[in-house]
Amino acid sequence: NPTDTPSASAICWRMTDTRNLRVLDAAYVLVEQVHATARMVPARDLPGWHDQILRAVQSVPANIAEGARRGTRRQFAHQLRVALGSAEEVGVCLRVARAAGALSPIDRATCETKRVVVCKMLWHLIRRVDEHAAREENGDG
């Protein structure tokens, strides 16, 4: 069925090298910072916290990269939203560690600053991808 086939513009954007996504670079910086910070939190203070925050932070760049290789802009936007959800989960983990006294205010703020940058970049990219997808669906793209 021809309507099931992605348009040429959808195929072209999908083939863009993920190394060109600035949000992916920012997500890697967040991963590095969270890993470094997590090493300072004693496991006995927050059982399961390390696994939770590391899984969440690693999901951010993984979902961005996965989405960039999906077949449509809508699928890309969906994966970006999943990445955003994971970034929010990282924020919750940081707040929990701070509330438990296991993380200093400075260490939390350092991670939180990088996390907020990633979240803002994701929101802007989601909005742009959604706009392009809408134009494409309306035959304007």
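Conditions: (1) free of Cβ contacts under 8 Å to residues at least 60 places away in the same chain; (2) closer than 21 Å to GLU32 by Cβ. HIS124 meets all but one. Number of the miss?
HIS124 satisfies all of (1) free of Cβ contacts under 8 Å to residues at least 60 places away in the same chain; (2) closer than 21 Å to GLU32 by Cβ except (2).
Does region 17-56 hold any residues that are in contact (Cβ under 8 Å) with a residue 60 or more places away in the chain, open to solvent by 30 Å² or more (accessible area, probe 1.4 Å) and within 19 Å of ALA99 (Cβ to Cβ), and which are they?
Hits for region 17-56 are MET40, PRO42.
Please go through region 80-126 and give me each residue that is among the hydroxyl-bearing types (Ser, Thr, Tyr) and open to solvent by less than 60 Å² (accessible area, probe 1.4 Å), ordered by number. Lay out the reasoning, then the answer.
Of the residues in region 80-126, the ones among the hydroxyl-bearing types (Ser, Thr, Tyr) are 86, 104, 110, 113.
Within region 80-126, SER86, SER104, THR110 meet the criteria.
For VAL129, are the conditions met, namely being part of a loop (DSSP other than H, G, I, E, B) and over 20 Å from TYR28 (Cα atoms)?
Values: part of a loop (DSSP other than H, G, I, E, B): no; over 20 Å from TYR28 (Cα atoms): yes.
Spelling it out, it is not the case that VAL129 is part of a loop (DSSP other than H, G, I, E, B) and over 20 Å from TYR28 (Cα atoms).
The values are calculated or read from the model by the stated rules, or taken from the named source; none is laboratory data. Given the structure is predicted, the values throughout are model-derived calculations rather than measurements. When we count neighbours, we look across all protein chains shown, and the Cβ atoms used for this are built from the backbone with ideal geometry, even at glycine. Areas reflect the complete protein model, heavy atoms only, side chains present, ligands, DNA and RNA absent. Shrake-Rupley method; radii C 1.70, N 1.55, O 1.52, S 1.80 Å.
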